[in-house]
Amino acid sequence: MKTSNQRKTGTITIEEFRAIYRALAHRSEIHELFFSYSPNRKILPETNLIEFLRKEQFVIDADEAIASELIAKYEPIEEVQRKKQMSFEGFLRYMNSKDCLIFKRDHTIVYQNMSYPLRDYFISSSHNTYLISDQLIGPSHLWGYSSALMKGCRCLEIDCWDGPQNEPIVYHGHTLTSKITFRTVIEVIDKYAFAVSDYPVVLSLENHCSPKQQEVMADYLETILGDKLLTTIIGDTFPTDLPSPELLKFKILIKNKKVGTLEETVLRRGLDSHGEIGEFLEEVEQSEDDETEESTLLPPKSPQLKRRNAIRRSPPLPRKKLKTKKIKLAMELSELVIYTKAEKFKSFEHSRANQKFYEMNSLGEVRARKLAKQTANEFVLHTANFITRIYPKGTRATSSNYNPQEFWNVGCQM
C-alpha cells in the first residue's frame, strides 16, 4: 500500500492490488484459525474441514455431504474444488458469509406473533429525537429523526412550540438548542417512517403550541403524511382493545392530549372542526422527582451560587403540590389522536377505575423507579392493560440514557 502511494502515477499493479486486498480482507484471526486445521497451512482437506465444523462451529452432524456443499459454494479455485479441498480464500469467504452469522438465520425476518394488542410489545422509543448532542445548547437536526427511523425506532418525540409567521417550530423549550420547523420534521418522517420496518410509528407530541398553530400542525400531519396517518379506528365496529402491530402496519399514530373520548371522535368523523377549540381542566401534581411536563432543563447555576447554597441548611423534602391548569386544544389536532391518547398518571388505583384502553401514560424515570421497587406487582398489572412510556430525568443534560431493563421488567412498553 505504501508503494502504491509513492508511485503517484494514477494506476497500481496487480501485485499492489493484491497487497491492498490482503490488508483489507485477510484478518489475522482467520489466518490463525485456518492454519490450526490446515496440515500444510495452504489447503484445508475435506476431513479437516469436517473437524473444524464440529469443534469450532458446533455442527455436530457435520459430514462429507455438508463439507462438499460448503466447498462447492465458497471455494473459488476450480482445481482445489475438484480435489474436495478448501483454500484460504474459500475459507475466508465462508467465514464472512451468512452461514457464519452469530445470529439465528431464522430471526433475520420477523418471527414473532404480531397479532396481539399493541400494548403487548416492547416498542423501540426515543426521547427528544431532534437533539443530536446535549440537552442545553446542542443542535436540533432533522438527522435525529432519519437516523432513529433507520435504526428501527418506532416512537419519536416532537417538542412543538409557536414559531414566527404561524410556523410551528421544534426545539427543547427554554434552552439554547437550535430550532427546526415542524413541517420539515414531518417531511423527514414521511420519507423514512417505513424504510426499515413495516410496523406502526408513534409520534409523541410534547405540545406547547397555541390552538392557532396546533391547527397548522394538524394540517401538515394530514397533507404530508396522507394515507399513512391513522385518522380513525380500524374496522367497522367500535373496539374494546388496541389493534395489533399487524393491523397497524404502515400507519403513523399521534400521541397527544385529547378532548373528550374516542367514541365522540368516531361520531364526529367527517365533520369540519376547523377553528373549533376544546378546553378541559387538568390536575397537575408536582413533586421532587418529576416535573409537571417532561423535564425542561435550565442552564447550570454559577459556581458562586452553588457555594452559597452549600453553606445553607438543607431544606425539607418538597411536598407534592396539586394545582389545576386549563388546557386548550385545537379540535383538528385532537381528532387525530386515536389509540394513543396522553393521560396524566395519578395512581394505579385511579387507572384501574377510570382509564380507557386507548389512553396511555408517561412517567419520569425517578418516579417510575420508585413505583417499580415499591409496587412492582401493581405496575405489572397496569402495563398489562395500558401502554406506559418512561422518559429520562431532567438532569441527563448530556443525553445519557437510563438502563431500560428495570422498566422492561415491569412491562413498560416505551
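Quick look at the values:
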{"quantity": "Of the criteria (1) within 23 Å of SER140 (Cα to Cα); (2) out of contact with any strand residue (DSSP E or B) (no Cβ under 8 Å at 6 or more places or on another chain); (3) among the polar types (S, T, N, Q), which one ASN256 fails", "calculated": "(2)"}
{"quantity": "Residues (hydroxyl-bearing (Ser, Thr, Tyr) and over 21 Å from LYS151 (Cβ atoms)) located in segment 97-134", "calculated": "SER97, SER115, TYR116"}
{"quantity": "Residue within segment 390-402 that is hydrophobic (A, V, I, L, M, F, W, C) and buried (at least 18 other Cβ atoms within 10 Å of the Cβ) present", "calculated": "yes"}
{"quantity": "Which numbered condition LYS73 misses (of (1) among the charged types (D, E, K, R); (2) at pLDDT 95 or above; (3) open to solvent by less than 40 Å² (accessible area, probe 1.4 Å))", "calculated": "(3)"}
{"quantity": "Condition check for ILE43: exposed (fewer than 11 other Cβ atoms within 10 Å of the Cβ) and either modelled with pLDDT of 90 or more or in contact with an Asp or Glu (Cβ under 9 Å, 6 or more places away or on another chain) (or both)", "calculated": "no"}
{"quantity": "Residue within segment 11-32 that is surrounded by 15 or more Cβ atoms within 10 Å (Cβ to Cβ), in contact with a Leu (Cβ under 8 Å, 6 or more places away or on another chain) and at pLDDT 90 or above present", "calculated": "no"}
{"quantity": "Of the criteria (1) free of Cβ contacts under 8 Å to residues at least 60 places away in the same chain; (2) open to solvent by 60 Å² or more (accessible area, probe 1.4 Å); (3) not small (Gly, Ala, Ser), which one HIS174 fails", "calculated": "(1)"}
{"quantity": "Unmet requirement for GLU276, which otherwise passes all of (1) within 27 Å of the chain's Cα centre (by Cα); (2) surrounded by 16 or more Cβ atoms within 10 Å (Cβ to Cβ)", "calculated": "(1)"}
{"quantity": "Failed item, numbered, when LEU203 is tested on (1) under 29 Å from TYR171 (Cα atoms); (2) open to solvent by 70 Å² or more (accessible area, probe 1.4 Å); (3) modelled with pLDDT of 95 or more", "calculated": "(2)"}
{"quantity": "Subset of segment 392-411 (residues that are part of a loop (DSSP other than H, G, I, E, B), closer than 23 Å to SER244 by Cβ and out of contact with any helix residue (DSSP H, G or I) (no Cβ under 6 Å at 6 or more places or on another chain))", "calculated": "PRO404"}
{"quantity": "ASN166 vs. criteria farther than 23 Å from THR398 by Cα, among the polar types (S, T, N, Q) and either in contact (Cβ under 8 Å) with a residue 60 or more places away in the chain or open to solvent by 10 Å² or more (accessible area, probe 1.4 Å) (or both)", "calculated": "yes"}
{"quantity": "Filter result (of a type in the set (A, V, I, L, M, F, W, C) and outside any loop (DSSP other than H, G, I, E, B)) within segment 51-69", "calculated": "PHE52, LEU53, ALA65, ILE66, ALA67"}
{"quantity": "Members of segment 77-112 that are touching a residue at least 40 places away in the same chain (Cβ under 8 Å) and either exposed (fewer than 12 other Cβ atoms within 10 Å of the Cβ) or in contact with a strand residue (DSSP E or B) (Cβ under 7 Å, 6 or more places away or on another chain) (or both)", "calculated": "GLN85, MET86, SER87, PHE91, CYS100"}
{"quantity": "Selection count, segment 130-152, where residues are open to solvent by 10 Å² or more (accessible area, probe 1.4 Å) and in a loop (DSSP other than H, G, I, E, B)", "calculated": "11"}
{"quantity": "Among residues of segment 373-389, those that are part of a helix (DSSP H, G or I), open to solvent by 20 Å² or more (accessible area, probe 1.4 Å) and of a type outside the set (Val, Ile, Thr), counted", "calculated": "6"}
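The values are calculated or read from the model by the stated rules, or taken from the named source; none is laboratory data. Everything numeric in this text was worked out from a predicted model, so none of it was measured. Virtual Cβ from ideal backbone geometry, glycine too; neighbours counted across all protein chains shown. For accessibility, only protein heavy atoms count, side chains too; no ligands or nucleic acids. Shrake-Rupley method; radii C 1.70, N 1.55, O 1.52, S 1.80 Å.
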